[in-house]
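The values are calculated or read from the model by the stated rules, or taken from the named source; none is laboratory data. Everything numeric here is computed off the predicted structure, so don't read it as measured data. Counting neighbours? That spans all protein chains shown, and the Cβs are built from the backbone with ideal geometry, glycine included.
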Amino acid sequence: MKNFINQEACTQCRLCVEICPCHIYGVNEQRKVYIISGREAICQLCGQCMAVCKPEAIIVDGLSYKHDFFPLPENHVDYKSFMDFLATRRSVRKFTGKPVSDEVMNQILDAIAFAPFGAMPEKMHITAINNRAVIEKSLPYVIEFLDNVVRWMKNPIASLLIKIKNPAETYNTLRNHLYPILKSVDYKGGDGDRITRNAPALLIFHAEKGSEEHTDNALIYCTYAMMAAHSLGLGTTMNGIIPPAINKEKELKEFFGIPEDHEAVISLIMGYPKYKYQKAIRRKNCQVHWIA
């Protein structure tokens, strides 16, 4: 089945023409909306044309009004409520031993479906681990990676090679952020698990190497998962150590069942917070430059 317009139902409001980001729709000499030849192939399946069409006259191949759409709910969140919600979220690094139910995990994953995406969301993958014992079994692989990072950064030649082979952002993050921490913190278990913080659940966001905008998609999806978890009473922390360990250590990638041709972008540790904060914190915002 191809995309088509039910001309009998179409009211010629032309909202689809206005809203389609790929300009797939046009108006012909008979003043009727039609699908421009050759442009159907660039349809992003965003569904905006179907969502805006009141008489449901547009059908996009791969989408259906019955299964993929539902009435738009009213927005009951005002700005103050939204800001209060953001203010109560903190990165959590101490968790109780309470496990996260599969039902709650699925609620978090369901929320990701509403996240915006850059391109090709179907190419994104999420590996969900809801078992503390499994997470603990992965830690030796991560520790091996961190040991290597310390050794590489101490070696001038290895450090130079890392600088040459990687983007400046990656190298500066290793040199100025991760390496100083690894030198001074016991991440091997003497002070407890300082990698996944004894979290009972873990999400890993990954995709095939080179797939369209998967880095942006992963970060957006992880943010949605983080906010959904917060709404359900869980604490979370975005974990940037596990993904590079997965990408570098073949055994760890195999342990998590991540395909060889995939790269992990970001991970999220989750669980119920052990402590309750009494204060919110005002952080320095990013630099904003106004152009009048």
Item to complete: Return yes when ASN106 is within 18 Å of ALA228 (Cβ to Cβ) and part of a loop (DSSP other than H, G, I, E, B) and no when it is not.
Response: no
Practice prompt. Considering (1) out of contact with any Ser or Thr (no Cβ under 9 Å at 6 or more places or on another chain); (2) closer than 30 Å to LYS2 by Cα; (3) in contact (Cβ under 8 Å) with a residue 12 or more places away in the chain; (4) not small (Gly, Ala, Ser), say which one GLU122 fails and leave the rest.
Written response: (3)
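So, in the range 179-215, of the ones that are of a type in the set (Asp, Glu) and under 25 Å from the mean Cα position of the chain (by Cα), which residue ends up nearest to LEU139 (Cα to Cα)? Spell out how you get there, then give the answer.
Of the residues in the range 179-215, the ones of a type in the set (Asp, Glu) are 186, 191, 193, 208, 212-213.
Restricting the remaining residues to those that are under 25 Å from the mean Cα position of the chain (by Cα) gives 193, 208, 212-213.
On the way: ASP193: 9, GLU208: 24, GLU212: 30, GLU213: 29 Å.
Among those residues, the one meeting the criterion is ASP193.
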Worksheet item: Failed condition for CYS46, given (1) under 27 Å from LEU15 (Cα atoms); (2) among the hydrophobic types (A, V, I, L, M, F, W, C); (3) not in a loop (DSSP other than H, G, I, E, B), with all others met?
Response: (3)
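Mind listing just one residue for me: the one in the range 252-286 that is of a type in the set (D, E, K, R) and touching a residue at least 12 places away in the same chain (Cβ under 8 Å) and, of those, farthest from ILE135 (Cα to Cα)?
Of the residues in the range 252-286, the ones of a type in the set (D, E, K, R) are 253-254, 260-261, 263, 274, 276, 279, 282-284.
Adding the requirement that they be touching a residue at least 12 places away in the same chain (Cβ under 8 Å) leaves 261, 263, 274.
Details: ASP261: 22, GLU263: 19, LYS274: 19 Å.
If we take residues in the range 252-286 being of a type in the set (D, E, K, R) and touching a residue at least 12 places away in the same chain (Cβ under 8 Å), then ASP261 is farthest from ILE135 (Cα to Cα).
Okay, residues lined up against (1) in a helix (DSSP H, G or I); (2) at pLDDT 90 or above; (3) in contact with a Gly (Cβ under 8 Å, 6 or more places away or on another chain); (4) not assigned by TED's automatic domain parsing to the domain that holds GLY210:
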site	(1), (2), (3), (4)
ALA115	no, yes, no, no
THR127	no, yes, yes, no
PRO140	yes, yes, no, no
LEU146	yes, yes, no, no
GLU169	yes, yes, no, no
HIS177	yes, yes, no, no
